[in-house]
Structures are given as C-alpha cells and as structure tokens.
Amino acid sequence: MRINVIGSGYVGTTLAACLADLGHDVLAIDIDEDVVAALNDGRAPIHEPGLDDLVADHAGANLHATTSYDRVPEAAVTFLAIQTPSREDGSIDAAPLAAAAEMTGEALADTDEDHLVVVKSTITPPALEEVRSALFGACENAEGRVGLATNPEFLREGTAVEDFLAPEKVVLGTEEAWATERLEAVYEPLLAAHDAHVVRTDPATAMLIKYANNAFLATKISLINDIGNVCKEFGVDAYEVADAIGLDDRIGEQFLRSGVGWGGSCFPKDIAAIIAAAENEGYSPPVLDAAVELNDRQPERMLDLLDDHVDVTGKRVAVLGLAFKPGTDDTRNSRAIPIIEGLTERGAEVVGYDPVATENMRERFPDIEYTDSAPAALDGAHGALVVTDWDEFATLDEEFDAMADPVVIDGRRIVDPQEGIVYEGLTW
Ligand code: UGA
C-alpha cells in the first residue's frame, strides 16, 4: 500500500521505516530539508537501536522522503506524526499538527480516491476536534472520500523498532467501516506474523486508551514509590515487597521498580496534558495529581538522605546518570535535573557523569563539571547520587575508595552495597 508519514521525529521515522519493512511503499514528508536528505541517503535522523539498518535497507527502494505535499493524494493513507509541544499549564499545543492536517487537506481537496488521514501523535479529544476542522476545512469538496482516524503508539524509547514490529496491541480509532478495513490492511503483514490484540474503537477512545496506558503505568510507579517511602521508614526493603506483590496477576511484576521516579518525554508530558484537559472540562483528577506530586518529591527525598550524612555546602558531589533511563541519551524530564538543581541550591559543586547523555545535559547545565567516567566523578567527592540504572554502575567497587566522603545514595537500586561505604537506598 502507498502510505505517507508526515513528520520525521522519533515516532514518525520509526513508523515510516517499520511500515517500509512491512512491505509498504512509504513517503516521509518533513519540512526540515536536512532530515529529508538524511532519510534519502539511508540514514535515520534520530538515534534508535535498529532504525539505521531499517532506513538503510529501504531508502531509495520503498522508502522516500520529501518536503512537498504534492504527492499526498497518490497514497491511500497519510499518518500525521507531528510534535505537540506542551504549554505552560501542561496542555498540548495542537497548532503544528493542525497546520499539517490543513496542508494534507489542501493536497486532498480534489482527490477522487478514498484517503484515510490517521493521527499518530498523542492528542486529547479537543485537540482532535482542532485537527478535524483544519483537515476538513481545507478539503470540503472531498468530504465523504477523506476519512479521519487515530492510531496511538505504545513505543518505548530504546526499543521502539522492536515494540512496533512485535506489539502487544494495535489500537484503531475509526469512524467508518472502510477506514477500519484500510487501517487493518496497513497492519495486516504484522498481525499475520504476531499474535497482537486488535482493539477497534472510535478516534477519541483510542487516544484516551493511550493516555490511560501511560497514566496507569506512571501512577503504578508513583504508588510503589509511595509504598517504598513507607517501607524505608520501617527499615523494610521495598523490592522484596514488590517482588511478592508482583506475583499477584492482578498487580503484575512490571513497573514496580521504586526509586527516584519517572522522567522522559512521554509520562510527564502525557499526564500533564490529560490532567489539564480534564481540568478544562471541570474535573481535577486527584490520583493523577498525587502521582505527579509524589514523583516531584522523590528527588528531594534523595537529597534529604544525603543531608543526613554530609553537609554538602562548598563540597564536590557526584551525580551518576543523567539520562532519564538507561539506553538513551535523552535527558528530557530526567530526575537528574531536580537533583542537580537541589545540589546547586545547597551550594555543592556538582560533577555529573553519564555514558551518553552528557552533551544533552550540558545544554541545560553548562556550568557544572562533567567527567568521562564514573570513577573520575567519584574521585574526591563528598557523596554520590545514583540517578540512572546504567549497568556499568553495578560493577563499581574500589572506585568508591577515592571518595572524600564515601556516602552513596542510590535512587535506582543499581549499586552494590559494600564494606567501606555508607550506602542508602531510597526505598530499601
Ligand atoms: C513510555 C511507555 O512505556 C511507552 O509504552 C509509551 O509508548 C511511551 O512512554 C510514549 O508515550 O511514547 P518511555 O518514556 O520510553 O515509554 O520509557 P519507560 O521505559 O516507560 O520509562 C519511563 C520512566 O519510568 C523512566 O524514567 C524509568 O526510569 C521509570 N521507571 C520505569 C521506573 O521508575 N520504575 C519502573 O519500574 C519502570
């Protein structure tokens, strides 16, 4: 099938390359000429394991890129994978997405063929209505032939290609039978090879499924962090508790790793957006509010634990891990940000280390020191805060001997407690 993917960010590029891998003929459309050139050269414009290979395999064959909307009508489906920036109050700004929908509508104004426009970006029901008016306002004559659907993504950074090609579920939010059939045809090669659940519903419900999925997972982590803080007060290991409760199928063993909390570009943004959208309708969701509040407090609890052992004013303190999770250089909403801010407020000299995320964090905190290795950060430090669960931190051992005050506060349960150091786990 001929498919357009508008927007070549993290979601759009993964989608375009994976759809090409399923055998479709894909045209990626992006306003950024460098991104288009990279794709046509067979290079992925973003870093994601496995993506470079897919782009290299299909570029020039059944994956092409362009800045123009001219060829939009030649395809049967157009996916919109455009960024939705957050406003100050947490709500999403759907203007860039609506602008892309309008240009798609203009391109489809005279089409004689049925064409399905599918929103991939995560958007609230009011934003969906904004996109609907922009699209259909631009192609009034084609109404009836152009359809609008939603199809949320459940990709994790670091395993996006794998998650796309072997999904647990595919959610199709459509309004007409032909639209459902067409989206099913898009995913047919994948569904034939995998035992994924297909959820067929309307466009707004499909998007609420996506928000609920992320809100539930983030709240699950906040709940285990809440319980973990209680465990710590009683000297109980929250991981032993989590392992046991995870055996109950109704709870499940995943997303029970307690610690310094959730970050990244998805959980914080999506939960803020759904809270803001609900508040706009007059409902303030108390459990989601609490999940965010608890998440904001975990870094402060880590700093309090450090304060119990060292006065860090004027002293060098190591922050191990700057990425929001291991396996990525993404520092958006990383828990390391409030940790660095809290240490700076205390007058500490912060020294940060991360195997891949240093340059991204340097943009936000240009004035702190960064080292090329964990041992170099620990050298002479009066305390270390472990914020990301990179595997390499599990092997640290005599490197702690070089610390001026060997106090280690672990926010991810990755460091091995050992003789000669004061070790504090956040929830154990
Ligand atoms: C998340 C969801 O897992 C994906 O299903 C979703 O598609 C994606 O958001 C999105 O909306 O695009 P991602 O942000 O890549 O994916 O990261 P996760 O692996 O879910 O981790 C999120 C945060 O939770 C990280 O900071 C991680 O350290 C933290 N976490 C995760 C915990 O603190 N404890 C856990 O047990 C699990």
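Among the residues of this structure, V199 counts as one that is within 16 Å of the ligand (Cβ to nearest atom), in contact with a helix residue (DSSP H, G or I) (Cβ under 9 Å, 6 or more places away or on another chain) and not in a helix (DSSP H, G or I). Within region 271-287, the set of residues being within 18 Å of the chain's Cα centre (by Cα) and closer than 27 Å to A238 by Cα comprises I271 only.
The residue that is surrounded by the fewest Cβ atoms within 10 Å (Cβ to Cβ), among those in region 250-292 that are of a type in the set (G, A, S), outside any helix (DSSP H, G or I) and touching a residue at least 24 places away in the same chain (Cβ under 8 Å), is S265.
If you check A218, A242 for being within 12 Å of the ligand (Cβ to nearest atom), among the small types (G, A, S), under 23 Å from P125 (Cα atoms) and buried (at least 21 other Cβ atoms within 10 Å of the Cβ), only one passes: A218.
One line per residue, one yes/no per condition, for (1) assigned to a loop (DSSP other than H, G, I, E, B); (2) in contact with a Cys (Cβ under 9 Å, 6 or more places away or on another chain); (3) surrounded by fewer than 22 Cβ atoms within 10 Å (Cβ to Cβ):
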| position | (1), (2), (3) |
| --- | --- |
| A100 | no, no, no |
| I123 | yes, no, no |
| E129 | no, no, yes |
| F136 | no, no, yes |
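Suppose we filter I92, I46, I123, I82 for residues that are modelled with pLDDT under 95 and among the aliphatic types (A, V, I, L, M); which single one remains? Step by step, each of I92, I46, I123, I82 is checked, and only I46 is modelled with pLDDT under 95 and among the aliphatic types (A, V, I, L, M).
Quick one: in region 23-61, of everything that is touching a residue at least 60 places away in the same chain (Cβ under 8 Å) and away from the ligand (no atom under 16 Å from the Cβ), which residue is surrounded by the fewest Cβ atoms within 10 Å (Cβ to Cβ)? So the residue we want is G23.
Can you find a residue that is outside any loop (DSSP other than H, G, I, E, B), of a type outside the set (A, V, I, L, M), modelled with pLDDT of 95 or more and surrounded by fewer than 18 Cβ atoms within 10 Å (Cβ to Cβ) anywhere in region 6-22? So far as region 6-22 goes, no, none of its residues is outside any loop (DSSP other than H, G, I, E, B), of a type outside the set (A, V, I, L, M), modelled with pLDDT of 95 or more and surrounded by fewer than 18 Cβ atoms within 10 Å (Cβ to Cβ).
Could you check region 256-304 and list, in sequence order, the residues that are more than 11 Å from the ligand (Cβ to nearest atom) and of a type in the set (V, I, T)? Across region 256-304, the qualifying residues are I274, I275, V287, V292.
Whenever a residue of region 221-233 is within 15 Å of V292 (Cβ to Cβ) and assigned to a helix (DSSP H, G or I), its partners that are polar (S, T, N, Q) and within 13 Å of the ligand (Cβ to nearest atom), lying with C-beta atoms within less than 7 angstrom and at least six residues away or across chains, give the pairs S222/N295; N225/S258; N225/Q298; N225/T427. Restricting region 163-185 to residues that are more than 19 Å from I274 (Cα to Cα) and in contact with a helix residue (DSSP H, G or I) (Cβ under 7 Å, 6 or more places away or on another chain), which is nearest to the ligand (Cβ to nearest atom)? Restricting to residues being more than 19 Å from I274 (Cα to Cα) and in contact with a helix residue (DSSP H, G or I) (Cβ under 7 Å, 6 or more places away or on another chain), the top hit is F164. T328 meets the conditions (1) under 24 Å from D296 (Cα atoms); (2) modelled with pLDDT of 95 or more; (3) crowded, with 17+ Cβ neighbours inside 10 Å in every case but one. The failed one is (2).
The values are calculated or read from the model by the stated rules, or taken from the named source; none is laboratory data. A quick note: this is a predicted structure, and the numbers were derived from the prediction, not measured. Reconstructed Cβ throughout: ideal geometry from the backbone, glycine too, with neighbour counts over all protein chains shown.
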